[in-house]
Amino acid sequence: MPTRRGRALLLGASGLYFVARILSVDELFAVAAAAAVMPLLAIATVRWARYRLGFSRSVERRKLFPGGRLVVRFTVRNLGHLPSPPLLLTDQAAPSLGGPGRFSLASLAPQKRETIVVERRPSLRGKYSVGPLTARLVDPFGLAEVNATLAVAEEVLVYPRVEQLSPGGPPADRAGSGPSVVYRLAPAGDEFYAVREYESGDDLRKIHWKSVARTGQLMIRQDEARFYPRATVLLDVRLSAHRGSGPEGSLEWAVSAAASTIWHLGRQGFGLRLATDHREPTGVRSGRRGSESLLEILAVLRSSSNNSLMPATRRLARRPGAEGALLAILPPPKPDELAALSRLRTMYRWCGAILLDVTSFDAVAPRARAEADQRLAAAEGALIRAGWRVRSGGARDRYRDVWPTLIGATPYLPNSASRRS
């Protein structure tokens, strides 16, 4: 297709032709013809040029945390017998990944290759596309261009931001109040109970090679059953209950807190469930892979249009899932929701809540801030009377500082609403 310069030249050629007709000047006819032919020749040159180029793109670490290194490599090779023309490469990407990348590729000699390495650092959770990779070939005079897609888009998943929490957690055992228990299911010797996928730290001597040959994955002989302590994380993502927007909003603070809790408890051997106000609790997931699967859910989680937390409390009250520990991360609930949450204390061995001081994430009038502080204090008092451990978190609080006060590892300081007053 003609470039802007090529279209301008064609338009000028038509204008010269009409001027030549009016003035009857033969030289202007020749100039008009030359101006019209040059863009056409340029189009033919870039469209039917016989260049043979090979392209490849690789994306390292398709799942990573915010701030991690996302490395994208482009390799271009001239497969033909003629030097390749200069190319303009464009690799599309979301603004959170740094935006589109544009590169100029110089002419390559026959059978030569060049590798371009691009490093991106994602800043926000979510699922993003890297690509497509396109090339733009322009003739030497800049009159015509041709665009081609060299590589399709590839997906990259960015987990929520995770803070490193101090050791400790809610009381946990099979029923929710002690260490996990290991039961041997087969006698000593060559017998074993089952096989499972290899996890980091497993004894390599227990690899079951027949299963490895059949599945293509490392499999471990399991001759004992471990009963994991269980914990459920409830995350309130109602749009009407949160304040602020983007990475500085209360919703992102809550998602990061939930991700940090899941990552921390997963490393301590908990079997975990994730519940929100608008979706059913997940099944119990344990180990590193289980924690990562829950982080994948949080990575693409969006706010909901629900107006009530009551359906979520009813789902959490169902058996057999209602056991172990329950941690709720939510803005101050309404009175009926507080009553439903209080009843959950009789079903779980340990209940903790992080109440979000949502007004601290946005600019509000002093009167509205005072009313929000009263609701926060009332919700905190109601849950404490029901037997919950309750802490609050605001825009200036780091979750890693709130966590040890929730589990009782450090003395509790007044909540952020109280500190402002």
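Rule-based calculations on the coordinates, nothing more; no lab input. In this text the structure is predicted, and so the values were computed from the model without any measurement. In this analysis, Cβ positions are derived from the backbone assuming ideal geometry, glycine residues included, and neighbour counts consider all displayed protein chains.
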Between segment 92-134 and segment 1-46, the alpha-carbon center distance in angstrom: 38 Å
Three-way shape call for segment 108-174 based on the alpha-carbon gyration tensor, with the a/c threshold at 1.5: prolate
Relative contact order (%) - criterion: Cα under 8 Å, at least six apart; region: segment 229-420: 22 percent
Computed [θ] at 222 nm, helices only, for the chain once each DSSP H run of length n ≥ 4 contributes -39500 (n - 2.57): -10000 deg cm²/dmol
For segment 4-47: Kirkwood Rh in Å [reciprocal of mean 1/r, alpha carbons]: 10.6 Å
Residue-span extension gain [residue 384 to residue 14] - 0.36 nm each, minus C-alpha spacing: 124.9 nm
Candidate lysines for bridging to residue 127, where Cα separation is under 25 Å - those fewer than 8 sequence places away on the same chain excluded: 63
Cβ-derived FRET efficiency at R0 56 Å, residue 29 paired with residue 123, nearest 0.05: 0.40
Shape category assigned to segment 65-132 from the gyration tensor of Cα positions, a/c cut at 1.5: prolate
Gyration tensor (alpha-carbon) shape descriptor, segment 254-316, a/c threshold 1.5: prolate
Highest-first arrangement of 331-338, 230-237, 163-170, where packing means the average Cβ count within 10 Å: 230-237, 331-338, 163-170
Percent antiparallel among DSSP beta bridges (both partners in the chain, rounded to 5): 65 percent
Helix runs (DSSP H) in the chain reaching 27 Å along axis by Cα, Kyte-Doolittle at least 0.0: 4-23, 26-47
